[in-house]
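The values are calculated or read from the model by the stated rules, or taken from the named source; none is laboratory data. What you see is a predicted model, and the numbers here were worked out from it, not measured in a lab. In this analysis, Cβ positions are derived from the backbone assuming ideal geometry, glycine residues included, and neighbour counts consider all displayed protein chains.
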Amino acid sequence: MNNLVILISGTGSNMAAIVRAAERERWAERLGARVAAVISNRPGAKGLDFARERGMATAVVDHKAFDGREAFDAALMRAIDVHQPALVVLAGFMRILTPGFVAHYAGRLVNIHPSLLPAFPGLHTHQRALDEGCKLAGATVHRVTAELDHGEILAQAAVPVLPGDTADTLAARVLTQEHLIYPQAVAYLLSKK
Ligand code: GAR
């Protein structure tokens, strides 16, 4: 069985979309894959409730409890590797990862970013797209490399920027597309395992 470990920091709606797709599309039978665990760096992350309600394995590795990124990433790796993951899926995981962490999961680490990369890596993507007068915005699923929000692009979805949009209304429109492309991209990667 190919295990997925999903890392979250907050709401976890992308994680939930992947879990629901795995159930609906019977990934266990079709792809020999299952979501083995959901891990958060924030104890209060709302997405943990969704996972717990479904009886899924969850863990918290609170970044505030560690002295620096190296120590946090080492603890995070230990929590992940218990599940021997074929794929580690970053779903709204808001920590910058060390090169050692990225190297450890080379070929097994994917992220979703709320912009049409290579435009707008980093934070505040929707406000920056509005400030630039972009007519299209979107999201990108990409492999993770040591450089923030770089790495091979696996899937993208674009949405229109509409008159009167705020960062919040644009984010909501983009998020509905994230929920479609992330499960598809993950299933595609699993089909190659
Ligand atoms: C999503 O829009 C995701 O693309 C973004 O955070 C949101 C998480 O939502 N990720 C990043 O900004 C990563 N740099 P979710 O917790 O509901 O999935």
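Every test in (1) more than 16 Å from the ligand (Cβ to nearest atom); (2) outside any loop (DSSP other than H, G, I, E, B) is passed by A106 save one, and that test is (2).
To keep it simple, each residue is scored yes or no on (1) basic (K, R); (2) within 21 Å of A45 (Cβ to Cβ); (3) surrounded by fewer than 20 Cβ atoms within 10 Å (Cβ to Cβ).
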position: P99; (1), (2), (3): no, no, yes
position: H104; (1), (2), (3): no, no, yes
position: P118; (1), (2), (3): no, no, yes
position: R128; (1), (2), (3): yes, no, yes
position: E132; (1), (2), (3): no, no, yes
position: A139; (1), (2), (3): no, yes, no
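Summed over region 21-51, the residues that are out of contact with any Gly (no Cβ under 8 Å at 6 or more places or on another chain) and touching a residue at least 24 places away in the same chain (Cβ under 8 Å) give a count of 14. The single residue among F72, F50, F93 that is among the aromatic types (F, W, Y), closer than 19 Å to V186 by Cα and either buried (at least 20 other Cβ atoms within 10 Å of the Cβ) or within 12 Å of the ligand (Cβ to nearest atom) (or both) turns out to be F93.
Residue pairs whose Cβ atoms lie under 6 Å apart, sitting 6 or more positions apart in sequence or on different chains, and linking a residue in region 159-174 that is at negative phi to a partner that is part of a loop (DSSP other than H, G, I, E, B), are V161/C134; V161/K135; V174/P114.
The set of residues in region 109-146 that are more than 24 Å from S191 (Cα to Cα), within 13 Å of the ligand (Cβ to nearest atom) and part of a loop (DSSP other than H, G, I, E, B) comprises P114, S115, L116, L117, F120, P121, G122, L123, H124.
Is there a residue in region 162-182 that is part of a helix (DSSP H, G or I), more than 12 Å from the ligand (Cβ to nearest atom) and at pLDDT 95 or above? Within region 162-182, one or more residues are part of a helix (DSSP H, G or I), more than 12 Å from the ligand (Cβ to nearest atom) and at pLDDT 95 or above.
Residues of region 24-49 that are over 18 Å from the mean Cα position of the chain (by Cα), outside any helix (DSSP H, G or I) and farther than 20 Å from V141 by Cβ: R26, G32.
Could you say whether any residue in region 11-23 is more than 15 Å from the ligand (Cβ to nearest atom), buried (at least 18 other Cβ atoms within 10 Å of the Cβ) and assigned to a loop (DSSP other than H, G, I, E, B)? No, there is no match, as no residue in region 11-23 is more than 15 Å from the ligand (Cβ to nearest atom), buried (at least 18 other Cβ atoms within 10 Å of the Cβ) and assigned to a loop (DSSP other than H, G, I, E, B). Here D149 qualifies as acidic (D, E) and either surrounded by 19 or more Cβ atoms within 10 Å (Cβ to Cβ) or within 11 Å of the ligand (Cβ to nearest atom) (or both).
Listed by first and then second residue, the pairs linking a residue in region 103-131 that is more than 26 Å from K193 (Cα to Cα) to a residue that is outside any loop (DSSP other than H, G, I, E, B) and hydrophobic (A, V, I, L, M, F, W, C), with Cβ atoms under 6 Å apart and 6 or more places separating them unless they lie on different chains, are P114/A139; P114/V174; H126/A167; H126/L170; H126/A171; Q127/A167; A129/A137.
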